[in-house]
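A.B. asks: Dropping a structure here in structure tokens format, bear with me for questions.
Values quoted throughout were computed directly from the atomic coordinates according to the rules given, and no laboratory measurement underlies them. In this text, all values refer to a predicted model and were calculated from it rather than measured experimentally. Counting neighbours? That spans all protein chains shown, and the Cβs are built from the backbone with ideal geometry, glycine included.
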Ligand SMILES: *[C@@H]1O[C@H](CO)[C@@H](O)[C@H](O)[C@H]1NC(C)=O
Ligand SMILES: *[C@@H]1O[C@H](CO)[C@@H](O)[C@H](O)[C@H]1NC(C)=O
Ligand SMILES: *[C@@H]1O[C@H](CO)[C@@H](O)[C@H](O)[C@H]1NC(C)=O
Ligand SMILES: *[C@@H]1O[C@H](CO)[C@@H](O)[C@H](O)[C@H]1NC(C)=O
Ligand SMILES: [Zn+2]
């Protein structure tokens, strides 16, 4: 927390209002865990071209030494502050129960969902190259929000059913401890993978993910993952991928009160890892587009 001091100047004000506020939201709804968001951002930052890398360094506050992943959970930390209360609905999408599909006009009212947020902050960042004066938006915040929400949209249970809040109200056991279905996908699967296969070392897991997309099981798929001509249709596709995985692998066979263990873990872990890889690779793709020197952008200037 101390390292975030620079970014948290508004803490006392926002925090006091937050304490006084009766407005409370299910605390569990946070998106990929810290580990998931950090890996997404580390993957992305390693894939940046020089112009994008320089822009990211320039936008990050000095205390993180150019390390984007150090601030990729920032949007989860501030979402309950009074000043940022409007960002709370931007971490997820509620889709109609059992429909297993996403329709922007139906499920993202007034753009207030993770798909709308990605379009919004991509569009804001596309103005970065215009120069330092006359900026309507805080580009540092836009970068942090985009980087975080690219993680969230790839977490399948963040595009879940409305009535169970993306699995948050489905209480169950993960091996021997209490959890819920949303949290299983946010964090439990990642932590179990780290403990079982990677000596609890995120760096080793990350190296394995990187190996798998550079020269492994996903290397032939990366080009199609990155393919994006028009950001609006891309976000729709990414949200659809998530709800489809949520239906087929997240919710499938799961009921409140169950215990999930090896069988669920073994079959779902590959999806979690693939979604983290896709989120990182696609975040890099967007940042390379908006900060790159190419004239052709995929986002209509607004
Ligand atoms: C942009 O937002 C960051 C994080 O909230 C803040 O620290 C910074 O002062 C803001 N910059 C401007 C120019 O308002
Ligand atoms: C960047 O930050 C992440 C998350 O805080 C950390 O795991 C990683 O080691 C940092 N990398 C560097 C080069 O400092
Ligand atoms: C877009 O960002 C601006 C602030 O930068 C905010 O006021 C607006 O509500 C955002 N809209 C969405 C859909 O994220
Ligand atoms: C990487 O691919 C191997 C199969 O070649 C698989 O066993 C491993 O679980 C994958 N790692 C991750 C993190 O997806
Ligand atoms: Zn989130």
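A.B. asks: Under the rule of -39500 (n - 2.57) per DSSP H run of 4 or more residues, summed and divided by the residues of the chain, what mean residue ellipticity at 222 nm is obtained, to the nearest 500 deg cm²/dmol?
C.D. replies: It lands at -14500 deg cm²/dmol.
A.B. asks: Report the calculated FRET efficiency for residue 163 and residue 130 (r = Cβ-Cβ distance, R0 = 30 Å), to the nearest 0.05.
C.D. replies: E(calc), rounded to 0.05, equals 0.10.
A.B. asks: Kindly state, to the nearest 0.05, the FRET efficiency for residue 255 paired with residue 67, given R0 = 35 Å and r defined as their beta-carbon distance.
C.D. replies: Computed FRET efficiency for residue 255 and residue 67: 0.25.
A.B. asks: Going by C-beta contacts inside 10 Å, put 143, 194, 47, 181 in order with the fewest on the left.
C.D. replies: Starting with the residue having the fewest Cβ neighbours, the order is 194, 47, 143, 181.
A.B. asks: Next up: Do you know the relative contact order of segment 23-291, to the nearest whole percent, from alpha carbon pairs under 8 angstrom that are 6+ apart?
C.D. replies: Reported relative contact order: 30 percent.
A.B. asks: Any chance you could run the full-extension gain for residue 171 through residue 137? It's 0.36 nm times the residue separation minus the Cα-Cα distance, nm to one decimal.
C.D. replies: Working: separation 34, 0.36 × 34 = 12.24 nm, distance 3.99 nm.
Net length gain for the segment: 8.3 nm.
A.B. asks: Name the residues of segment 124-166 whose amide N is less than 11 Å from a point 7 angstrom out from the Cα of residue 58 along the C-beta direction?
C.D. replies: Zone members listed by number: 128-133.
A.B. asks: I want to check the label-to-label distance for residue 263 and residue 97. Put each point 7 Å from Cα in the C-beta direction and report it in nm to one decimal.
C.D. replies: Here the answer is 2.5 nm between the modelled labels.
A.B. asks: Also: Calculate the spin-label point distance for residue 222 paired with residue 199, positioning each point 7 Å from the Cα along the beta-carbon direction, and give it in nanometres.
C.D. replies: 2.5 nm
A.B. asks: Report the extension gain between residue 293 and residue 248 in nm, rounded to one decimal, defined as 0.36 nm multiplied by the number of residues separating them, less their alpha carbon distance.
C.D. replies: 12.1 nm
A.B. asks: Continuing with this model, one more query. Once you have a ≥ b ≥ c as the square roots of the Cα gyration tensor eigenvalues for the chain, tell me rounded if a/c is under 1.5, and otherwise prolate or oblate according to whether a/b is larger than b/c. Numbers along the way, then the final one.
C.D. replies: Working: a/c = 1.43, a/b = 1.24, b/c = 1.16.
Judged from the Cα gyration tensor, the chain comes out rounded (a/c under 1.5).
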